[in-house]
1. Is there a residue being in a loop (DSSP other than H, G, I, E, B), aliphatic (A, V, I, L, M) and modelled with pLDDT under 95 anywhere in segment 84-93?
2. So which residues in segment 16-69 are hydrophobic (A, V, I, L, M, F, W, C) and open to solvent by 50 Å² or more (accessible area, probe 1.4 Å)?
3. Considering only segment 35-66, state which residues are assigned to a loop (DSSP other than H, G, I, E, B) and β-branched (Val, Ile, Thr).
4. If you take the residues of segment 1-34 that are of a type in the set (D, E, K, R) and either touching a strand residue (DSSP E or B) at 6+ places or on another chain (Cβ under 8 Å) or in a strand (DSSP E or B) (or both), which of them is farthest from SER92 (Cα to Cα)?
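The values are calculated or read from the model by the stated rules, or taken from the named source; none is laboratory data. Just so we're clear, the structure is a prediction, and the values are computed from it rather than from any experiment. Cβ coordinates were reconstructed from backbone atoms using ideal geometry, including for glycine residues, and neighbour counts include every protein chain displayed. These area figures cover heavy atoms from the full protein model, side chains too; ligands, DNA and RNA do not enter into them. Shrake-Rupley method; radii C 1.70, N 1.55, O 1.52, S 1.80 Å.
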Amino acid sequence: NDLRFDFNLFSGPLPSEMGRLVHLTTLSLSNNSFTGAIPTHFGDLTNLEKLYLTGNKLNSSLPTEFYDMASLSEFHCGGHSVSTSYGTVFLSNRLWGTISTLIGRLTRLEVFKIAQNDLSGF
């Protein structure tokens, strides 16, 4: 029930087809170069408990469908730095907009890490 593709060289938009993986409990796509938006079809992942998107290049608001992930207990989508032989590289998403009051639907949510984004309160 876990799908982990951390620290790869994936780039481009997050595949909306991942929304069909309805039995997933953990989806970890951190530290790649995914761009664009969190697909609306991720809202179909109603069994998903943990979503890790830290260290990508996502640039969008949180879609309304994000708040349909009823089992979500952890969401990680911030940025961080990585030390390489070439120096320090900063990996950061740029989520923007207002966190919807619909966040109240996520009754199991315990961890909501969104550091280094441009999101504001609800």
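1. No, there is no match, as no residue in segment 84-93 is in a loop (DSSP other than H, G, I, E, B), aliphatic (A, V, I, L, M) and modelled with pLDDT under 95.
2. LEU21, VAL22, ALA37
3. ILE38, THR46, THR54
4. Going through the qualifying residues, I end up with ASP2.
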